[in-house]
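Asks: Okay, here's the structure, questions in a sec.
The values are calculated or read from the model by the stated rules, or taken from the named source; none is laboratory data. Worth saying up front: this structure is predicted, and the values here are computed from it rather than measured. Positions of Cβ are generated from backbone atoms using ideal geometry, with glycine treated the same way; all protein chains shown enter the neighbour counts.
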Amino acid sequence: MAKKETSGAKELKEKLFLQKKNAYLRMSDAEVKKCDKFCEGYKRFLDEAKTEREAAGFIEREAKAAGFVPFDKKKRYKAGDRVCYVNREKAVILAVIGKEPIEKGVNLVAAHIDSPRLDMKQNPMIEKDEVAYFKTHYYGGIKKYQWPTVPLSLHGVMIKADGSKVVVRIGEDEGDPVFCVSDLLPHLASAQMKRPSAEIVKGEELNLIIGSRPFKDDETSERVKLNLLMLLNEKYGITEADFLSAELEAVPAFKASDIGFDRSLIGGYGQDDRVCAYTELMAVLGAKSPKKTAVAILTDKEETGSDGNTGLRSAYLKYFIADLAASFGKEGREVLSNSKCLSADVNAAYDPTFPDVFEKNNASVLNGGVCVTKYTGSRGKSGTSDASAEFVGEIRALLDKNNVIWQTGELGKVDIGGGGTVAAYIANLNVDTIDVGVPVMSMHAPFEITAKTDVYAAFKAFEAFINS
Ligand code: MN
Ligand code: MN
């Protein structure tokens with residue numbers, strides 16, 4: 001006892017050192033139960049909403065069921081009113097009107113609902129040696145070699161010559177066929193295995209197998225393709241020209257599942273960034289009458305750089321805020337200048353199998369809680385928005401006050417890692433913005449990994465922010 005008093009190092013360390021502790025060691029059994037239950041809903045979302053269009057549809061349905069109505073800039077809104085804006089079926093904004101005047105600013109949370117995948121080319125159908133394929137152009141940053149020999153489902157829409165729309169979703173239901181990209185057998189792959197890893201499978205080799213049964217006629221060529229177009233014409237009333245005005249996306253056909261004997265992790269496709277989309281959605285749907293107006297943005301095109309009219313470099317967010325402000329007789333820029341934003345995107349979870357690329361002191365870990373990232377960018381913070389110390393301090397206090405389990409993390413070692421989110425585009429509108437999201441292992445792979453405690457912590461963080 002006397003010795004302890006003289007040194008006191010343990011107590012001093014507890015007082016002075018930054019404490020890091022596994023979420024399971026900080027949560028009560030009752031909290032763990034709540035967390036597990038929450039993640040059951042999350043896995044259903046992952047299965048039901050695999051593309052930006054499906055996610056936007058899911059969000060719109062849930063929002064309508066929870067009392068959100070289409071935003072009308074001519075209407076007068078009062079505290080507690082719930083409005084939504086759907087941008088081209090690919091991005092959604094939900095808002096719950098707060099008690100404070102709109103010009104005091106809004107609390108924004110922004111996640112993206114697009115994920116890396118294989119997009120069909122505009123004229124996709126080919127036949128090669130009596131096997132038919134769709135040619136693809138991958139979407140977002142993928143390691144191309146990860147995508148062959150994975151069962152893939154096909155999602156999207158086709159616009160026919162008469163303007164009518166065919167919705168495609170094949171490979172998700174029991175008994176549905178799936179699609180896939182082939183790979184070479186190891187016996188014949190010695191030359192392939194000598195290619196640089198970025199080219200083990202090349203972009204033009206990501207060909208989706210769609211059929212092999214020929215039309216019964218010896219005379220004609222491309223009989224497999226003909227037979228397939230006949231089938232598609234019967235089922236959807238389409239011809240090959242209708243692919244010209246289509247958006248078809250191949251994504252992993254498997255469902256999300258628990259990983260591990262202890263079921264502590266979740267494996268599934270597209271958790272970047274639907275993990276933040278779902279947690280954000282649940283937080284905003286649960287908002288009753290917040291002090292500040294809460295605005296949840298669920299956007300498209302983050303994985304390709306946020307360009308285009310459904311990405312966050314488009315003016316659609318600015319216009320929405322301007323219209324919202326105008327409905328209160330205020331200016332959009334006044335609202336934006338006083339607003340705060342959590343850019344809700346994932347970070348790279350430290351991977352003990354590949355420790356070399358991480359700087360452990362500044363990497364997020366599985367079961368470390370939701371990850372707060374002050375700055376993103378790469379190689380000299382290029383492309384970052386870098387939240388101010390004051391704003392980080394505010395978020396830190398908010399999370400601690402609400403008992404949210406959180407950690408910090410930078411995406412990999414300096415000059416190795418880095419990457420951007422939508423944070424910079426929102427910060428550029430003069431909004432205080434910081435990245436807050438879930439650590440993901442195997443990010444951008446067909447099967448990504450998250451920890452249930454981190455998913456739940458993200459929900460708690462967004463809930464606390466929205467209701468602050
Ligand atoms: Mn992301
Ligand atoms: Mn990503």
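Asks: Can you name the residue in the stretch 443-468 that is β-branched (Val, Ile, Thr) and more than 16 Å from ligand 2 (Cβ to nearest atom) and is also surrounded by the fewest Cβ atoms within 10 Å (Cβ to Cβ) among such residues? Spell out how you get there, then give the answer.
Replies: Taking the stretch 443-468 first, the residues β-branched (Val, Ile, Thr) are 449-450, 453, 455, 466.
After this cut, where a residue has to be more than 16 Å from ligand 2 (Cβ to nearest atom) as well, the list is 453, 455, 466.
Values: 453: 27, 455: 23, 466: 25.
The residue in question is 455.
Asks: Have a look at 426, 395, 416 and point out the one that is away from ligand 2 (no atom under 16 Å from the Cβ), in contact with a helix residue (DSSP H, G or I) (Cβ under 9 Å, 6 or more places away or on another chain) and assigned to a loop (DSSP other than H, G, I, E, B).
Replies: Within the list 426, 395, 416, the selection yields 416.
Asks: Any idea which of 221, 257 is of a type in the set (S, T, N, Q), touching a strand residue (DSSP E or B) at 6+ places or on another chain (Cβ under 7 Å) and more than 16 Å from ligand 2 (Cβ to nearest atom)?
Replies: After ruling out the rest, the residue left standing is 257.
Asks: Within the stretch 317-333, can one find any residue that is crowded, with 16+ Cβ neighbours inside 10 Å and within 16 Å of ligand 1 (Cβ to nearest atom)?
Replies: For the stretch 317-333, residues crowded, with 16+ Cβ neighbours inside 10 Å and within 16 Å of ligand 1 (Cβ to nearest atom): absent.
Asks: Follow-up question, since we're still on this one. Could you please tell me which pairs satisfy a Cβ distance under 9 Å, a separation of 6+ or placement on different chains, a first residue in the stretch 98-122 that is touching a residue at least 60 places away in the same chain (Cβ under 8 Å) and more than 24 Å from residue 60 (Cα to Cα), and a second residue that is in a loop (DSSP other than H, G, I, E, B) and within 16 Å of ligand 2 (Cβ to nearest atom)?
Replies: Pairs found: 118/142; 118/147.
Asks: Still on this structure: Residue 434 - would you say it is assigned to a helix (DSSP H, G or I), away from ligand 2 (no atom under 16 Å from the Cβ) and in contact (Cβ under 8 Å) with a residue 60 or more places away in the chain?
Replies: So residue 434 does not fit the description; no.
Asks: Read through the list (1) touching a strand residue (DSSP E or B) at 6+ places or on another chain (Cβ under 7 Å); (2) over 25 Å from residue 391 (Cα atoms), then give the number of the only condition that residue 342 fails.
Replies: The failed condition is (2).
Asks: Considering only residues that are under 11 Å from the mean Cα position of the chain (by Cα) and closer than 24 Å to residue 72 by Cα, look in the stretch 281-310 and name the one that is farthest from ligand 2 (Cβ to nearest atom). So that I can check it myself, show each step before the final result.
Replies: Our first condition is that a residue be under 11 Å from the mean Cα position of the chain (by Cα); within the stretch 281-310, this holds for 298-303.
From what is left, the residues that are closer than 24 Å to residue 72 by Cα are 298-300.
Numbers: 298: 15, 299: 13, 300: 13 Å.
Filtering the stretch 281-310 for residues that are under 11 Å from the mean Cα position of the chain (by Cα) and closer than 24 Å to residue 72 by Cα, the one farthest from ligand 2 (Cβ to nearest atom) comes out as 298.
Asks: For residues that are polar (S, T, N, Q), within 17 Å of residue 442 (Cβ to Cβ) and within 16 Å of ligand 1 (Cβ to nearest atom), scanning just the stretch 335-391, find the one that is farthest from the chain's Cα centre (by Cα).
Replies: Applying the filter and picking the extreme gives 364.
Asks: When residues of the stretch 50-93 are filtered for being surrounded by fewer than 22 Cβ atoms within 10 Å (Cβ to Cβ), assigned to a loop (DSSP other than H, G, I, E, B) and out of contact with any Cys (no Cβ under 8 Å at 6 or more places or on another chain), how many remain?
Replies: 14
Asks: Mind checking which pairs have a first residue in the stretch 266-287 that is in a helix (DSSP H, G or I) and a second that is modelled with pLDDT under 95 and within 14 Å of ligand 1 (Cβ to nearest atom), Cβ under 9 Å, 6 or more apart or different chains?
Replies: What qualifies is 273/421.
Asks: Just checking, does the stretch 94-113 include any residue being farther than 27 Å from residue 430 by Cβ and either within 16 Å of ligand 1 (Cβ to nearest atom) or surrounded by 15 or more Cβ atoms within 10 Å (Cβ to Cβ) (or both)?
Replies: Scanning the stretch 94-113, I find no residue that is farther than 27 Å from residue 430 by Cβ and either within 16 Å of ligand 1 (Cβ to nearest atom) or surrounded by 15 or more Cβ atoms within 10 Å (Cβ to Cβ) (or both), so the answer is no.
Asks: Right, another one. Search the stretch 120-154 for residues being within 17 Å of the chain's Cα centre (by Cα) and part of a strand (DSSP E or B), and hand back the single one that is surrounded by the fewest Cβ atoms within 10 Å (Cβ to Cβ).
Replies: Step by step, filter the stretch 120-154, then rank; the result is 138.
Asks: All but one of (1) under 21 Å from residue 90 (Cβ atoms); (2) surrounded by fewer than 22 Cβ atoms within 10 Å (Cβ to Cβ); (3) of a type in the set (Ser, Thr, Tyr) hold for residue 289; state the number of the condition that does not hold.
Replies: (1)
Asks: List the number of the failed condition for residue 440; all other conditions in (1) surrounded by fewer than 22 Cβ atoms within 10 Å (Cβ to Cβ); (2) within 13 Å of ligand 2 (Cβ to nearest atom) hold.
Replies: So residue 440 meets the others, but not (1).
Asks: In the set 404, 414, which member is away from ligand 1 (no atom under 16 Å from the Cβ) and closer than 17 Å to residue 368 by Cα?
Replies: 404 is the lone residue from the list that is away from ligand 1 (no atom under 16 Å from the Cβ) and closer than 17 Å to residue 368 by Cα.
Listed here are the residues, each with its yes/no results for (1) touching a Gly at 6+ places or on another chain (Cβ under 7 Å); (2) closer than 20 Å to residue 368 by Cα; (3) at pLDDT 95 or above.
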residue	(1), (2), (3)
7	no, no, no
16	no, yes, yes
25	no, yes, yes
28	no, yes, yes
31	no, yes, yes
38	no, yes, yes
49	no, no, yes
59	no, no, yes
65	no, no, yes
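Asks: Give me a count of the residues in the stretch 293-310 that are in a loop (DSSP other than H, G, I, E, B), within 13 Å of ligand 1 (Cβ to nearest atom) and crowded, with 17+ Cβ neighbours inside 10 Å.
Replies: Just the residues of the stretch 293-310 that are in a loop (DSSP other than H, G, I, E, B), to begin with: 300-301, 305-310.
Applying the additional criterion that residues be within 13 Å of ligand 1 (Cβ to nearest atom) yields 300-301, 305-306.
After this cut, where a residue has to be crowded, with 17+ Cβ neighbours inside 10 Å as well, the list is 300-301, 306.
Number of matching residues: 3.
Asks: Residue check: is residue 397 within 25 Å of residue 456 (Cβ to Cβ), small (Gly, Ala, Ser), surrounded by fewer than 16 Cβ atoms within 10 Å (Cβ to Cβ) and more than 16 Å from ligand 1 (Cβ to nearest atom)?
Replies: yes
Asks: A further question on this structure: What's the total number of residues in the stretch 399-437 that are within 18 Å of residue 346 (Cβ to Cβ) and among the acidic types (Asp, Glu)?
Replies: Count: 2.
Asks: Within the stretch 311-349, track down each residue that is of a type outside the set (A, V, I, L, M, F, W, C), within 16 Å of ligand 2 (Cβ to nearest atom) and assigned to a loop (DSSP other than H, G, I, E, B).
Replies: 311, 313, 345
Asks: Could you check how many residues of the stretch 208-256 are within 30 Å of the chain's Cα centre (by Cα), of a type in the set (Gly, Ala, Ser) and part of a loop (DSSP other than H, G, I, E, B)?
Replies: Residues meeting the conditions: 2.
Asks: Given the conditions (1) at pLDDT 95 or above; (2) under 21 Å from the mean Cα position of the chain (by Cα), and given that residue 394 satisfies all but one, which numbered condition is not satisfied?
Replies: The single condition residue 394 does not satisfy is (2).
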